[in-house]
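J.: Structure provided below as structure tokens; questions to follow.
Just so you know, all these numbers are worked out from the coordinates, no wet-lab data involved. Everything numeric in this text was worked out from a predicted model, so none of it was measured. Every residue, glycine as well, gets a Cβ built from its backbone with ideal geometry; the counts of neighbours run over all protein chains shown.
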Amino acid sequence: MRIALDVMGGDLGPGEIVAGAVQAAREDGAEVTLVGRAADIERALRGLGGRPTGLDVVHAPDVIEMDDQPVNAVRAKPQSSMVVGIGLLRAGEASSFVTPGNTGAAMAAALFGLRRIPGVERPALATIFPTLRGHCLLVDVGANVDCKPDHLLQFAVMGAAYLERVFDRQYPRVALLSNGEEDTKGNALVHDAYPLLRGSQLNFVGNVEGKDITQHAADVIVMDGFVGNVVLKHGEGCAKLLGQLIDEEARRDPISMLGGLLMKRAFGRVRRRTDYDEYGGAPLLGVQGVCIVAHGRSNAKAIRSALRVARHAAEADLTGAIRAGIEAHARPEGAAV
């Protein structure tokens with residue numbers, strides 16, 4: 001289960017990405033192909049004590065930058081680390097692909113290089129989100145800012161398949177994010193998507209509000225990519241704010257400092273439960289291959305987690321599970337589009 005890793009795409013530079021791969025190889029036994037500028041990769045490996053067993057290097061001289069226009073960059077830079085990494089997956093030289101690079105470019109490269117699973121209209125990004133009872137899955141969190149009702153139905157099908165196959169969560173509860181629990185609430189997209197989900201074979205539990213996400217009102221929560229990205233970034237901001245407030249208040253006076261020391265282990269557990277580095281990356285559901293899009297600011301820990309997610313998804317045949325789900329939930333003839 002070799003994983004192709006785009007070393008050049010992250011905000012923190014290739015050194016941090018390589019460090020995550022080295023950790024994964026040494027501690028998890030992962031087999032990783034580092035894709036990027038060979039000189040930069042070898043320099044980073046020397047700084048980390050050399051190349052461990054399981055790591056290979058494939059030279060890719062070009063880089064797709066975060067501010068590049070996605071489609072144009074993919075076409076203009078065929079020797080970029082992202083496009084070359086997708087090519088390794090397409091050629092069967094890797095079982096999965098991980099990138100912390102430009103999200104739009106990752107989607108474009110996957111669509112051009114791997115194509116969609118038959119029947120999938122729009123691939124979607126899904127991410128694990130912490131709740132009081134573990135975690136739920138948010139779909140879509142940024143791949144599609146403008147959606148049709150059919151797209152939301154397919155996001156639900158793909159998200160349910162991901163939880164079932166990768167996390168062994170049987171018959172997951174699926175909900176639609178709205179501004180109210182009643183089936184009359186929501187915008188035109190939510191109104192039209194609701195009957196499609198209700199009439200599907202999914203375990204659809206209706207609408208949920210934003211406040212219900214962290215209460216684990218459903219296992220899979222579906223939304224368009226514009227809303228999903230706002231929800232995700234807001235959640236990350238709230239987690240960071242909470243951590244900073246706890247640190248500030250714990251240092252305010254001697255009594256608080258003593259209480260902070262007594263609660264240090266508990267605070268550490270809370271941080272781990274709300275830390276996106278623990279969850280790795282977001283799978284791009286709906287393309288013919290396992291593609292994991294990690295956060296642009298991913299550190300070594302986050303990259304190691306993303307590699308773990310990629311390996312597990314490939315072992316569980318995520319692509320096959322989604323293909324089967326799409327076939328089983330094909331839209332009935334005459335249903336609204």
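J.: If the reach is capped at under 19 angstrom between alpha carbons, list the aspartates and glutamates near K233, excluding any in the same chain fewer than eight residues apart.
T.: Of all the aspartates and glutamates, those that pass the test against K233 - Cα under 19 Å, at least 8 places apart if same chain - are D11, D67, D140, D146, E209, D212, D224, D275, D277, E278.
J.: Now a separate question. When N counts the residues of segment 68-110, how does its alpha-carbon radius of gyration compare numerically with 2.2 N^0.38 Å, as a ratio?
T.: So segment 68-110 has a normalised radius of gyration of 1.06.
J.: Near K211, which aspartates and glutamates are there with a Cα under 13 Å away, not counting those fewer than 8 places off in the same chain?
T.: E181
J.: Related question: If you wrap segment 1-53's Cα atoms in a convex hull and average its projection over all directions, what's the area in nm²?
T.: Mean projected area of the Cα convex hull: 3.3 nm².
J.: Give me the three principal axis extents of segment 180-310 from the C-alpha atoms, as integers in angstrom, largest value leading.
T.: 58, 37, 23
J.: Mind ordering 97-105, 243-251, 53-61, 302-310 by average Cβ neighbours within 10 Å, highest first?
T.: 97-105, 302-310, 53-61, 243-251
J.: Something else: Starting from the Cα gyration tensor of segment 111-241, take the square roots of the eigenvalues, sort them a ≥ b ≥ c, and report rounded, prolate or oblate (rounded when a/c is under 1.5, otherwise prolate if a/b is larger than b/c, else oblate).
T.: Rounded, since a/c falls under 1.5.
J.: Along its principal axes, what span do the Cα atoms of segment 113-184 show, with the longest given first and each in whole Å?
T.: Largest to smallest, the principal-axis extents are 39, 33, 20 Å.
J.: Listed highest first by mean packing, meaning other Cβ atoms within 10 Å per residue, what order do 225-235, 176-186, 27-37 come in? Spell out each step's value before the answer.
T.: Working: 225-235: 18.4, 176-186: 16.4, 27-37: 21.3.
Result, highest mean Cβ count within 10 Å first: 27-37, 225-235, 176-186.
J.: Could you work out the helix-only [θ] at 222 nm for the chain, with each DSSP H run of four or more residues adding -39,500 (n - 2.57) and the total divided by the number of residues, to the nearest 500 deg cm²/dmol? Walk me through the numbers on the way to the answer.
T.: On the way: 12 runs with 155 residues, N = 337.
That calculation yields -14500 deg cm²/dmol at 222 nm.
J.: Classify segment 43-195 from the C-alpha gyration tensor, please: rounded if a/c falls under 1.5, else prolate or oblate depending on whether a/b exceeds b/c.
T.: Working: a/c = 2.37, a/b = 1.73, b/c = 1.37.
In terms of gyration-tensor shape, prolate.
J.: May I pose another question? Put +1 on the Cβ of every Lys and Arg and -1 on every Asp and Glu Cβ in the chain; which of H216, A105, V35 then has its Cα farthest towards the positive end of the dipole?
T.: Value computed over the given set: V35.
J.: By what distance, in whole Å, do the Cα atoms of the chain stretch along each of the three principal axes, largest value first?
T.: Its Cα atoms span 61, 60, 34 Å along the three principal axes.
J.: While we're on this one: Using the Cα centre of segment 217-298 as the reference point, and only Cβ charges (+1 on K/R, -1 on D/E), how large is the resulting charge dipole? Debye, rounded to the nearest 20.
T.: Its charge dipole is roughly 300 debye.
J.: If you count, for each residue, the other Cβ atoms within 10 Å and average over each peptide, how do 158-168, 126-136 line up from highest to lowest?
T.: Result, highest mean first: 158-168, 126-136.
J.: Quick one: putting +1 on the C-beta of Lys and Arg, -1 on the C-beta of Asp and Glu, what dipole do you get for the chain around its Cα centre, in Debye to the nearest 20?
T.: 720
J.: Placing +1 at every Lys and Arg Cβ and -1 at every Asp and Glu Cβ, with all other atoms neutral, what dipole size does segment 103-254 have around its Cα centre, in debye to the nearest 20? Before the final figure, lay out each step's value.
T.: On the way: 15 positive and 19 negative charges, 82 e Å.
Here segment 103-254 has a charge dipole of around 400 debye.
J.: Using the membrane-span-like helix rule (whole DSSP H runs, Cα extent along the own axis of at least 30 Å, mean Kyte-Doolittle hydropathy at least -0.5), which helices of the chain qualify?
T.: Values: long enough: 225-250 (37 Å, 0.28).
Those that pass (Cα extent of 30 Å or more, hydropathy at least -0.5) are 225-250.
J.: Using the Cα centre of the chain as origin and beta-carbon charges of +1 (Lys, Arg) and -1 (Asp, Glu), tell me which of L89, A324, G206 is placed farthest towards the positive end of the dipole.
T.: Comparing the listed Cα positions along the dipole, L89 ranks first.
J.: Shifting gears a bit: Pairwise over distinct Cα atoms, reciprocal of the mean inverse distance: report the Kirkwood radius of segment 1-117 in Å, one decimal place.
T.: Hydrodynamic radius (Kirkwood, Cα pairs) of segment 1-117 is 13.9 Å.
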